[in-house]
1. Does residue 150 satisfy being over 19 Å from residue 174 (Cβ atoms) and assigned by TED's automatic domain parsing to the domain that holds residue 45?
2. If the requirement is being under 16 Å from residue 204 (Cβ atoms), buried (at least 17 other Cβ atoms within 10 Å of the Cβ) and touching a Leu at 6+ places or on another chain (Cβ under 9 Å), which of these qualifies: 22, 45, 79, 112?
3. When segment 8-37 is examined, which residues are found to be more than 21 Å from residue 226 (Cβ to Cβ) and in contact with an Asp or Glu (Cβ under 9 Å, 6 or more places away or on another chain)?
4. Residues that are within 24 Å of the chain's Cα centre (by Cα) and loosely packed, with under 13 Cβ neighbours inside 10 Å, at least 2 per element: which strands (runs of 3 or more DSSP E) completely within segment 229-286 meet that?
5. Regarding residue 226, is this residue in contact with a strand residue (DSSP E or B) (Cβ under 8 Å, 6 or more places away or on another chain) and without any contact (Cβ under 8 Å) to a residue 40 or more places away in the chain?
Amino acid sequence: MAISIDIRKKLDAFTLEAAFEAGSETLGLLGESGCGKSMTLRCIAGVETPDEGKIVVDGTVYFDSAAGIDLSAQQRKTALLFQNYLLFPHMTVEQNIAAGMGKATRAERDRAVAEQVRRFALAGLEKRYPLQLSGGQQQRVALARMLAAQPGILMLDEPFSALDPHLKAGLEQNLSLLFDRFEGTVLYVSHDIDEAIRLSDRIAVIEQGRIKELSTSSDLVDSPKSVASLKLSGCKNIVSVERAADGRIRVPAWGVELDVDRPLPSRIGKAGVRAFRIERAEGPGVNCFQVRVKHAIDSRFDRTCLVDLVGKEGSACPLAEDGELLSESDLVWRISKLAEHEERLPRPGDVLWVRIPPEQIYVVSD
């Protein structure tokens, strides 16, 4: 199974321009809310109609504006799982599973339902209604209904958005096993980078209706190519930069220059540094700077500090005041509480040295 899509659709805030191909794999669509991820799935499923372009799934043309082709949602062999699963409340579990099978015979429906009940461990729940099921059970019923229809492509729109972390962890395992066994294309919408990495073979980063980057999850994390990728991959320090020399950039907001070990793009716009990649230093050196801790917050295993570089005249910047917001001149530094002794954890008011490793600086064009 494979999908090829190249469509455009004008929306209120921007024009969706989705163009990509995918084979027998799970492709994650990653982006902030309202960036066009869900609209892309809805256009493929036939719930929405693009203004122009073409959609082909496994050799079948679903939509082609030039040729005047636009198959109905019922004619398209797709399965779209929404955030709230959209189970029919007046139908039992077995009736919900059979609901998407179209013109199948009674015997075919019975066989398919029995197969999916076994696959998703729903035995004993066949006569229950959705309101009598837990969130995890409802998700399994929705997935069973999708597979019973034998779709050529699976599409899931943030299925974990309303679930607590404990329940989500178990359901992710169910989905991962399902995706591994499904012989077709899976499109998975998320705004959570970790979730997308756990469940996807490749990830398309979407911003304002356009794909900014399409790569493997490891490339997205280790070599982001856009500001959108920096943000979505969890980079906390993103600043405007200028070229200073070969392998060296200038950061006006910080008032420093940095050595960079990665090749610089021809056009330089922003640079990113992950908070946990910043290191404590004992004194001056390459990419070493004296900072003052303005604020600190603790999580279970980390301490995250807001620091500012000591001024050029050697006077430290003031501590953060109540209500003061994070600015581009601030540096976010995360320290593992498991790797650092309690007495060495930075505290507000501390003046110390940090190092920004040259190999951990990502420079992008936009």
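The values are calculated or read from the model by the stated rules, or taken from the named source; none is laboratory data. Since the model is a prediction, treat every value here as computed from it, not as a measurement. A quick note on method: Cβ atoms are made from the backbone with ideal geometry, for glycine too, and the neighbour counts reach across all protein chains shown.
1. Here the answer is yes, as residue 150 does meet what is asked.
2. Exactly one of 22, 45, 79, 112 is under 16 Å from residue 204 (Cβ atoms), buried (at least 17 other Cβ atoms within 10 Å of the Cβ) and touching a Leu at 6+ places or on another chain (Cβ under 9 Å), namely 22.
3. Residues satisfying the conditions are 9, 10, 24, 25, 26.
4. In segment 229-286, no matching strands (runs of 3 or more DSSP E) lie anywhere.
5. Spelling it out, it is not the case that residue 226 is in contact with a strand residue (DSSP E or B) (Cβ under 8 Å, 6 or more places away or on another chain) and without any contact (Cβ under 8 Å) to a residue 40 or more places away in the chain.
Rundown of residues vs (1) assigned by TED's automatic domain parsing to the domain that holds residue 352; (2) farther than 19 Å from residue 353 by Cβ; (3) modelled with pLDDT of 95 or more; (4) in contact with an Asp or Glu (Cβ under 7 Å, 6 or more places away or on another chain), yes/no style:
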{"site": "304", "(1), (2), (3), (4)": "yes, no, yes, no"}
{"site": "308", "(1), (2), (3), (4)": "yes, no, no, yes"}
{"site": "316", "(1), (2), (3), (4)": "yes, no, no, no"}
{"site": "320", "(1), (2), (3), (4)": "yes, yes, no, no"}
{"site": "323", "(1), (2), (3), (4)": "yes, yes, no, no"}
{"site": "326", "(1), (2), (3), (4)": "yes, yes, no, no"}
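This table checks each residue for (1) in contact with a Pro (Cβ under 9 Å, 6 or more places away or on another chain); (2) at pLDDT 95 or above.
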| site | (1), (2) |
| --- | --- |
| 22 | no, yes |
| 33 | no, no |
| 58 | no, no |
| 77 | yes, no |
| 81 | yes, no |
| 99 | no, no |
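To keep it simple, each residue is scored yes or no on (1) crowded, with 20+ Cβ neighbours inside 10 Å; (2) over 30 Å from residue 98 (Cα atoms); (3) without any contact (Cβ under 8 Å) to a residue 40 or more places away in the chain; (4) aliphatic (A, V, I, L, M).
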position: 151; (1), (2), (3), (4): yes, no, no, no
position: 154; (1), (2), (3), (4): yes, no, no, yes
position: 170; (1), (2), (3), (4): no, no, yes, no
position: 190; (1), (2), (3), (4): yes, no, no, no
position: 206; (1), (2), (3), (4): yes, yes, no, yes
